[in-house]
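**Student:** Quick one: the structure is below, questions incoming.
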Ligand SMILES: C[S@@+](CC[C@H](N)C(=O)[O-])C[C@H]1O[C@@H](n2cnc3c(N)ncnc32)[C@H](O)[C@@H]1O
């Protein structure tokens with residue numbers, strides 16, 4: 001599960017050549033990931049859309065990534081998803097706010113790729129709450145529901161009125177990205193660290209980790225940033241690994257794993273600062289070791 005640094009590209013022009021470079025760059029990671037995946041494994045990539053530089057027309061880079069991964073590298077497209085972020089601000093200012101010729105872009109493409117045609121997946125693990133209408137129908141199917149053929153010619157049987165514990169989710173995932181009071185945010189504030197600027201909400205990796213993996217499976221985020229994926233994987237009982245090239249982000253990601261009380265205690269905050277220093281300069285964060293160091297220091 002990963003979200004590559006598509007923002008990096010914004011430093012450059014979004015012309016064809018740069019898009020081509022981006023696709024080739026990301027494909028190098030895709031090539032390495034494929035043999036590491038189990039036959040039942042998946043690679044889920046969240047990619048935000050972008051405009052071409054200077055004109056109100058969209059880049060196709062995220063679609064080019066998909067085609068490259070499937071046609072050239074041999075991944076399968078298990079299914080395309082769209083993450084709708086209702087809290088997304090209008091941009092680019094020029095086209096959306098000033099000239100008012102484009103609407104707010106609030107959807108990321110999320111490519112669920114797999115190594116084989118049959119990656120492990122179980123929709124029953126990610127059922128969503130039934131709509132109010134469906135709840136009424138389930139209470140009294142005879143009153144609300146007649147199992148006849150629909151105008152669309154879909155023949156829906158009486159089994160449709162069976163309570164399966166929740167509805168099958170759609171491939172449009174609506175999740176605001178407005179985390180403001182998490183442990184991570186509070187810890188970064190407490191010790192004056194810059195928070196990662198491009199985190200995804202926990203709900204996004206949570207959906208795919210629950211859907212596509214079981215307890216003790218290994219979840220890897222190859223562009224882990226603040227390690228939202230690792231935090232979620234840990235709470236769901238999965239093993240995890242995160243790779244992050246920026247040592248400051250990797251160091252700060254440690255804060256996701258600390259207990260609340262450790263943030264409320266002044267001496268712990270000094271310890272956090274020291275730990276962060278070690279984590280961000282020694283090229284890796286061993287979360288278990290860091291937590292036990294903190295726990296030992298708390299004993300009188
Ligand atoms: C969009 S962010 C990921 C944010 C993450 N999903 C989160 O919730 O915090 C992409 C991250 O990839 C990192 N990155 C860039 N190039 C990398 C590389 N070659 N290897 C590992 N990480 C890299 C960036 O530093 C950045 O933190």
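Every number in this text was worked out from the coordinates using simple rules, so none of it is lab data. Being a predicted model, the structure only gives us computed values, none of them experimental. Cβ atoms come from the backbone with ideal geometry, glycine included; neighbour counts cover every protein chain shown.
**Student:** In nm, what is the difference between 0.36 nm times the number of residues separating residue 24 and residue 100 and their Cα-Cα distance? Spell out each step's value before the answer.
**Tutor:** Values: separation 76, 0.36 × 76 = 27.36 nm, distance 3.42 nm.
Contour length minus Cα-Cα distance gives 23.9 nm.
**Student:** Compute the distance from the alpha-carbon center of the range 164-180 to that of the range 181-196, in whole Å.
**Tutor:** For the range 164-180 versus the range 181-196, the Cα centre distance is 26 Å.
**Student:** Continuing with this model, one more query. Once both labels are modelled 7 Å past Cα along the beta-carbon direction, what's the residue 241-residue 142 spacing in nm?
**Tutor:** Computed distance between label sites residue 241 and residue 142 equals 5.9 nm.
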